[in-house]
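Below: the structure, in C-alpha cells.
The values are calculated or read from the model by the stated rules, or taken from the named source; none is laboratory data. Every value quoted in this text rests on a predicted model; they were computed, and no experiment measured them. Reconstructed Cβ throughout: ideal geometry from the backbone, glycine too, with neighbour counts over all protein chains shown. Side chains are part of the model used for accessible areas, which takes the heavy atoms of the whole protein and leaves out ligands, DNA and RNA. Shrake-Rupley method; radii C 1.70, N 1.55, O 1.52, S 1.80 Å.
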Amino acid sequence: MGRLSAVVVMLFAAIACGGSSGPDAAASPKPAATFTMGSMSASGVTGAGQVYKGAASFTVAIQLKGMVPGSSHVSHVHIGSCSKPGNVAYALLQVIADSSGNATATTVVGEYYSMPATGWYVNVHTGPDFSEPEYAPSVSCGDLPST
C-alpha cells in the first residue's frame, strides 16, 4: 500500500508541476511566415506580422507601435505590394491602439493561403473607416511572403 501511495503522490505532483500528455501539448503554433510592417506617410508606425496557415484558412497577426494612443484604424490584405498598391483582397480586424500607442490585431481569413503572382500586403490605414478622404492613406504596410 505504501508504494501505491507514493506513486499516486508522484502522479499528482507531476500534474501540479505542469506535466503534459505529450511533447506538443503546450507548444504554440509556429508561423508559416513572418513579415515587417513599415512606416508609411511619415507616421512612424512600425511593427511585425505573422501568417499562420490552416487547412482551409489562414491567420494574419500584426503588432504595431508608434500609433496615436487610443486611435482606431481600418486594415486589409491588398493585392500587390507596398510599393505597387492594389485592391482590397480581405478585410482584417480593426486595429486599435492602447494608451501607449501599441496595437495588436489577429484575423482569421476563411480561405486557403494562395497568393496571386502579384503578391499580397497588409495595409493599416490612417482612420477607422473611409468616410473621410484623410482616413485612406496608410500608416503602416507590410508585404506578405509567398509561403
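Look through the range 33-60, keep the residues that are under 17 Å from the mean Cα position of the chain (by Cα) and part of a loop (DSSP other than H, G, I, E, B), and return whichever of them is nearest to VAL139 (Cα to Cα).
By that ranking, first place goes to VAL45.
Return a yes/no flag: does the range 19-29 have any residue that is part of a strand (DSSP E or B) and either at pLDDT 90 or above or within 15 Å of the chain's Cα centre (by Cα) (or both). Quick ask: steps written out before the conclusion?
Just the residues of the range 19-29 that are part of a strand (DSSP E or B), to begin with: none.
Checking the range 19-29: not a single residue is part of a strand (DSSP E or B) and either at pLDDT 90 or above or within 15 Å of the chain's Cα centre (by Cα) (or both).
Would you mind telling me which numbered condition in (1) touching a residue at least 12 places away in the same chain (Cβ under 8 Å); (2) closer than 16 Å to ASP143 by Cβ; (3) surrounded by fewer than 16 Cβ atoms within 10 Å (Cβ to Cβ) GLU111 fails?
(2)
Within the range 116-135, count every residue that is modelled with pLDDT of 95 or more and aliphatic (A, V, I, L, M).
2
Within the bounds of the range 81-102, is there any residue that is outside any loop (DSSP other than H, G, I, E, B) and in contact (Cβ under 8 Å) with a residue 40 or more places away in the chain? Even if it seems obvious, please write down each step before you answer.
So in the range 81-102, the residues outside any loop (DSSP other than H, G, I, E, B) come out as 88-96.
If we keep only those that are in contact (Cβ under 8 Å) with a residue 40 or more places away in the chain as well, we get none.
There is no residue in the range 81-102 that is outside any loop (DSSP other than H, G, I, E, B) and in contact (Cβ under 8 Å) with a residue 40 or more places away in the chain.
Would you pick out the residues in the range 61-76 that are outside any loop (DSSP other than H, G, I, E, B) and free of Cβ contacts under 8 Å to residues at least 40 places away in the same chain?
Our first condition is that a residue be outside any loop (DSSP other than H, G, I, E, B); within the range 61-76, this holds for 61-65, 72-76.
If the condition is that a residue be outside any loop (DSSP other than H, G, I, E, B) and free of Cβ contacts under 8 Å to residues at least 40 places away in the same chain, then LYS65 is the only one that fits.
Give ALA97, ALA105, ALA91 a once-over and let me know the one that is open to solvent by 20 Å² or more (accessible area, probe 1.4 Å), at pLDDT 95 or above and under 16 Å from the mean Cα position of the chain (by Cα). I'd like the intermediate steps shown before the answer.
On the way: ALA97 fails: open to solvent by 20 Å² or more (accessible area, probe 1.4 Å); ALA105 fails: open to solvent by 20 Å² or more (accessible area, probe 1.4 Å).
Only one candidate passes the filter, namely ALA91.
Let me spell it out: the conditions are (1) at positive phi; (2) part of a strand (DSSP E or B), and THR107 meets all of them except one. Which number is the exception?
With (1) at positive phi; (2) part of a strand (DSSP E or B) applied to THR107, the lone miss is (1).
Please determine, by comparing only the residues of the range 48-70 that are open to solvent by less than 20 Å² (accessible area, probe 1.4 Å) and not aliphatic (A, V, I, L, M), which one is modelled with the lowest pLDDT. Lay out the reasoning, then the answer.
The first filter runs over the range 48-70 and keeps only residues open to solvent by less than 20 Å² (accessible area, probe 1.4 Å), leaving 49, 51, 58, 60-62, 64, 67.
This time we only want the ones that are not aliphatic (A, V, I, L, M), so: 49, 58.
Working: GLY49: 97, PHE58: 94.
Taking the candidates together, the pick is PHE58.
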